[in-house]
Amino acid sequence: MAHKILDTNVPLTAVGKNAEASPRCELECEEVVNLVLKGEIKVVLDDGDSIITEYRNNMHPDPNGTRAGQFLMYLFLNKHRPSRIKRMSLKTNDHGHFIDYPDDKDEWSTEIPHCERFDPDDKKWVALALRFKAETGIDAPIVNAADRCWLAFEPHLQASGVKLETLCREERQKYG
C-alpha cells in the first residue's frame, strides 16, 4: 500500500475550490481522494494533529457531503487505525522550528514571483516526509495539486530527499 502526504489543496481541488484548475485536474484530485477513502492509499499524518488542524481549517468533516468533507471525516474516524493512517512524531527545537526540516536557516529561494521564499506553513509537510523516510526507509511523497510554488522548490526538495508528486503538473507549469 502506498503511503502519501496530501497537501490540503488536493481534496480542495477535487471539489472545485481552485478556480485555476481544469475539470481534468479536479478529476485527477478526486481520484486520489477516492483511493484514500477506499483504503488504497495510507495517509501519513503527524501525531500532534497540525495537519488535521490545517485540513479542518479549510474543510468540514461530513460523511455525506463533498469529497473533501468525506476525506476529513475518514481521517477523523481512522486516525488511530494504523492500517489506514500512519502517524509520525514531529519534533521542534527551542525556536519552534521542525527538527526534520532541512533548511533551518531559511535559505531556500527562487526568483519566481510569489514563490521567492518557501512557505513557512508548508514546512510541516517536508518535515513529515523526511521523518517518515528516516523511520521507515521508504518515501511518502508529498502530493500537491494547486500550489505552483511546490514546483518552484522541487529541486530543493529533491536535494533534501523529499519526493514531490504533482497532480495536474502540466497546468501548474503552463500557468507558472
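What does the charge count around GLY96 come to, taking other residues whose C-beta lies under 12 Å from its C-beta (Lys +1, Arg +1, Asp -1, Glu -1)? Charge balance near GLY96 sits at +1. Rounded to the nearest 5, the antiparallel percentage of DSSP beta bridges internal to segment 2-174 is 15%. Put a plus charge on the Cβ of each Lys and Arg, a minus charge on the Cβ of each Asp and Glu, and nothing anywhere else: the dipole of the chain about its Cα centre is then about 720 debye.
Other residues whose C-beta falls under 15 angstrom from the C-beta of PRO11 contribute a net charge of -4, scoring Lys and Arg +1 and Asp and Glu -1.
Listed by chain and number, the lysines whose alpha-carbon sits under 22 Å from that of LYS79, ignoring those within fewer than 8 places in the same chain, are LYS4, LYS38, LYS42, LYS91, LYS123, LYS124, LYS133.
Read the figures in this text as sums done on the coordinates, not as results from a lab. What you are looking at is a predicted structure, and each value in this text was computed from that prediction instead of being measured. Positions of Cβ are backbone-derived with ideal geometry, glycine not excepted, and every protein chain shown enters the neighbour counts.
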